[in-house]
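Everything on this sheet refers to the single structure shown next.
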Amino acid sequence: MNEFDFQPQTRIVFGSDRIDDLGTLTAELGAQRVLVVTDPGIVAAGHATRAVAALETQSIAVTLFEGVHENPTTDDVEAGLVFAQSWGPDLIVGLGGGSSMDCAKGINFLLSNGGRMQDYWGVGKAKHDMLPMIAVPTTAGTGSEAQSFALITDAETHVKMACGDRRAAFRVAILDPKLTLTQPARVTALTGIDAIAHALETYVTRVRNPASLAFSREAWRLLGESFARVLDDGANLEARSGMQLGACFAGLAIENSMLGAAHALANPLTANYGVVHGQAVGVMLPHVIRFNGDEFDLWYRELLEVTEGVNGCPAPDAGAAGLADYVTELTGAAGLQVRLSDLGVESDRLATLAAEAATQWTGTFNPRKVDAENLLAIYRTAF
């Protein structure tokens, strides 16, 4: 049994309309000047207005930085830093999807510790404490609200950098499932597949442990029961609740066991072809499940026991192959592509992509050892 050091750092507040508690929760942390980091879509949906109103009920001064883009880059963080320096916040709120939450963390790294985002690529690079932060996710996908990592893309090299430090964890995460009702269908699909990948990958990593397994199992139970229902009826609040809580639990699992080869294979697709992260993970995950299943089929059978009897989910004896087929079905049902060839990837670039995938940190946690050769083989099966 692997050793672990589980340090819960984020208070999780879950329930409909809990965004209205943002002001009270911020006041409890002693903050008086707040920077809300978000994006134009969240502003248009009215969520930023509601967050500001909640803060102002506690006489808290607040301003918005709404310059976040999908897959935030070092340029986004730098722009947010300049904005934050002019405002002088004593607390930062990340309001939106994983991009807003990661950008909030990135801004906090630089505001509190100086330097460039590249200086924090890796783990534990911060030298000073950071400002307290509160996460208010409006999607159900990344689980960033429960993690101490910021995923920031280098604007020049297009490499996605995982910058992790326990100081970067949110103090509070407000999970209000009503906020996810405004997601466009494609965002629901992309973030949902990403959350499912987190649950399935964390369950089988080489550093999995009793704490991570508990979160992975419950995440998969919630996501496995809820995703197809959300695709059928985006207004189903119960299913939305299951997705948001499942995504958060999967984030907690990542924090305690990391990810695997599906994410290692996905990142070069985003860097080289601009494939959106959820799509990139979705196309690769079934093939990684089959690859791992050659040695760890029992673990996938255990996961299927959690969703046994759930409509559409395969029986436990279907094992890794059955789970892989099911993930492919879900990806297709979500309107996403299931072959690399349909994403504009050229076959003669696969070896180069595999070499890049072999350098990804997440691949080192995969239960089966991966290298450029077998990663290339996985790309070929997905082509």
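The values are calculated or read from the model by the stated rules, or taken from the named source; none is laboratory data. None of these values were measured; they are calculated from a predicted model. Positions of Cβ are generated from backbone atoms using ideal geometry, with glycine treated the same way; all protein chains shown enter the neighbour counts.
Values for this structure:
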read-out: Options GLY282, GLY234; residue that is surrounded by fewer than 23 Cβ atoms within 10 Å (Cβ to Cβ) and farther than 21 Å from GLY164 by Cβ; value: GLY234
read-out: Selected residue (only one of GLY94, GLY106 is buried (at least 20 other Cβ atoms within 10 Å of the Cβ), assigned to a strand (DSSP E or B), among the small types (Gly, Ala, Ser) and at pLDDT 95 or above); value: GLY94
read-out: Test for ALA351: is it in contact with a Leu (Cβ under 9 Å, 6 or more places away or on another chain) and at pLDDT 95 or above; value: yes
read-out: Subset of segment 325-341 [of a type in the set (A, V, I, L, M), assigned to a loop (DSSP other than H, G, I, E, B) and more than 12 Å from PHE227 (Cα to Cα)]; value: LEU336, VAL338
read-out: Every residue from segment 63-90 that is hydrophobic (A, V, I, L, M, F, W, C), crowded, with 24+ Cβ neighbours inside 10 Å and outside any helix (DSSP H, G or I); value: PHE65, VAL68
read-out: Search result, residues across segment 303-324 that are in contact (Cβ under 8 Å) with a residue 24 or more places away in the chain and either surrounded by fewer than 18 Cβ atoms within 10 Å (Cβ to Cβ) or part of a helix (DSSP H, G or I) (or both); value: LEU303, VAL306, VAL310, ASN311, GLY312, GLY319, ALA320, ALA321, LEU323, ALA324
read-out: Cβ pairs under 8 Å, 6+ apart, first in segment 367-382 and touching a residue at least 24 places away in the same chain (Cβ under 8 Å) and closer than 20 Å to LEU336 by Cβ, second loosely packed, with under 15 Cβ neighbours inside 10 Å and of a type in the set (Lys, Arg); value: ALA382/ARG339
read-out: Number of positions in segment 226-269 that are within 25 Å of PHE291 (Cα to Cα) and among the charged types (D, E, K, R); value: 1
read-out: Residue within segment 44-55 that is in contact with a His (Cβ under 8 Å, 6 or more places away or on another chain) and not assigned by TED's automatic domain parsing to the domain that holds LEU245 present; value: no
